[in-house]
């Protein structure tokens, strides 16, 4: 039988820690503003201002495809728009 079946139940304190909102992740470029976009070519999560600055540098960079980041996890490209919540989500985060 798996060990997780015998694991002690989580305490209320542990549940509270898991439910606390995480601080916003900061831009890889300026390290000040909240991330909004991901550029695979640069492997960078960027705020809008830095995206504009980085990708307007030359004509080649303007062609990079960027994705909105999931509002739930800030790690994966968003693929679903939730009109009710007004958020964009990764398919596994909905």
Can you give the relative contact order of segment 23-89 as a percent, counting alpha carbon pairs under 8 Å and 6+ residues apart?
23
How big, on average over all directions, is the shadow cast by the Cα convex hull of segment 23-89, in nm²?
4.6
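Read the figures in this text as sums done on the coordinates, not as results from a lab. Given the structure is predicted, the values throughout are model-derived calculations rather than measurements.
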